[in-house]
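The block underneath contains the structure these notes are about, expressed in C-alpha cells.
Just so you know, all these numbers are worked out from the coordinates, no wet-lab data involved. Small disclaimer: the values here were computed from a predicted structure and weren't measured. When we count neighbours, we look across all protein chains shown, and the Cβ atoms used for this are built from the backbone with ideal geometry, even at glycine.
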Amino acid sequence: MLVIEELYHTYVSTDSEQTLPALANINLTVADGEFLCLIGPSGSGKSTLLNIMAGFITPTQGTIKLDNRRVNQPSPERGVVFQDHNLFPWLTVLENVAFGLHCQGVPRQRAYRIAQEMLTLVDLADYSFFHPHQLSGGMKQRVALARVLVLDPLVLLMDEPFNAVDPQTRRKLQDQLLTLWKQHRKTIIFVTHNVDEAIYLADRVAIFGAQPGHIKTEMQITLPRPRQSTTASFQRLKTYLLQLMEQNIPPDLPNLTSHH
C-alpha cells in the first residue's frame, strides 16, 4: 500500500553552510491494514520520516508512493496524530472533531453527526460540549485521534502520541487504539521510543539506527494478541529488540512460541 524507495534527507542550515544528514537509503513497504512501529534512539530520523510520509517535508532524494500515487504534499488520506494534541482551545470537543469536515465542505449538521459518532467510538460522547482545558491529557489525545479518524484516512501516522500521559492511561489508550484498528483496519505507522509499547501494538517493527537515520532491521511480532507484558515470551522479545537497537549484529532469535 505504501512504498518508500531509496529515500534520503539532509537538513540544510539557513545560511546553507552546514548540512545534517537525517535519513539514508530508507526502503520500506507497508501493507494495507498493517500496524507498523518505528523504534530507535532519539535523533535517528523516525519523526523526520513520518513528516515526509505526511507530506510536510520533501525528501532530498527518493520516493514515497501510496496506492501507486506519489506523496508530495499533505492530504487527508494521511492523517497525523502528534505528541501534542494541538486542539483549538476556543472550540468545544465536538467542534474540534468536526473542524476538518467543515474544511472539506461537509454541511454543518452532517459534520456534527459524524463527529458525534466518532466521539462515541473513542468513549467521549458525554464530553461533546466540553472545552479542551476541561479534559485530562488522555482525553485530549482521544479527541485528537477522533479528529483525524473522522476524515477516514487511508493511513494513520502517529508520532509518540501517548508519551505525555501516565502509564495507566497510556495502556488504556493503547487498548483503545488496538480496538479501533481491529474494527476499521486502518494502516497505522506509529513512532515510539518505548519497546514495550512497540511489542504490545505492532504487527511488525522497523528498528532505526542513527547518524544518519537508517533502518537496521525489521521484525515481525508474532506473539498472539492480547499480549501480556508480564509473560516470559514478551520479556524475551523485549530483551532481543533492545539488543538489536544497541548493536549491529543481531543475536540468535529467542524462542517465542510460548505465550507464558
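Using the average count of surrounding beta-carbon atoms within 10 Å as a protection proxy, the listed peptides 214-224, 196-206 rank, highest first, as 196-206, 214-224. Approximating the spin labels as points 7 Å out from Cα along Cα→Cβ, the K172-to-D152 distance works out to 3.0 nm. Once the Cα-Cα distance is subtracted from the 0.36 nm per residue extended length, the N68 to Q247 segment shows a gain of 60.9 nm.
Net charge dipole, the chain: roughly 620 debye, given to the nearest 20, about the Cα centre with Cβ charges of +1 for Lys and Arg and -1 for Asp and Glu.
Applying a DSSP loop filter and a limit of 11 other Cβ atoms within 10 Å to the chymotrypsin sites (Phe, Trp or Tyr not before Pro) in the range 1-102 leaves W90.
Of the residues S136, A22, N72, the one whose Cα sits farthest toward the positive end of the charge dipole of the chain, with +1 on the Cβ of Lys and Arg and -1 on the Cβ of Asp and Glu, is S136. Please name which of V148, L49, I114 has its Cα lying farthest along the dipole of the chain towards the positive end, using unit charges on Cβ (Lys, Arg +1; Asp, Glu -1) and the Cα centre as origin. Positive-end residue among those listed: I114. Note on V195, V143: ascending count of other Cβ atoms within 10 Å places them as V195, V143, the fewest first. Taking 7 Å along the Cα-to-C-beta vector as the label spot, tell me the T179-T29 distance in nanometres, rounded to one decimal. So the two model labels end up 3.5 nm from each other.
Using a Gaussian network model of the chain in which every pair of alpha carbons under 10 angstrom is joined by a spring, one finds that among V155, V81, V30 the greatest mean-square fluctuation is at V30. Label sites at D84 and T120, each approximated as a point 7 angstrom past Cα along Cα to Cβ, lie 3.4 nm apart. Extension gain, T230 to F129: 0.36 nm times the residue separation minus the Cα-Cα distance gives 32.4 nm. The range 132-163 and the range 1-34 have their alpha-carbon centroids 25 Å apart.
Computed 3J(HN,Hα) for the range 178-191, one whole-Hz value per residue from the Karplus formula 6.51 cos²θ - 1.76 cosθ + 1.60 where θ = phi - 60°, is 4, 4, 5, 5, 5, 6, 10, 6, 6, 6, 10, 10, 10, 8, glycine and proline marked x.
Relative contact order for the chain: 24 percent, from Cα pairs under 8 Å spaced at least 6 residues apart, divided by residue count.
Pick from T230, T192, T63 the residue whose mean-square fluctuation is largest in a GNM of the chain, springs joining Cα atoms under 10 Å. Most flexible of the set in this elastic network: T230. For the chain, a Gaussian network of Cα nodes joined below 10 Å ranks G137, G105, G62 by mean-square fluctuation, and the top entry is G105. Over all orientations, the range 14-69 has a Cα convex hull whose mean projected area works out to 5.0 square nanometres. Rounded to the nearest 500, the helix-only mean residue ellipticity at 222 nm of the chain stands at -10500 deg cm²/dmol, with each DSSP H run of n ≥ 4 adding -39,500 (n - 2.57).
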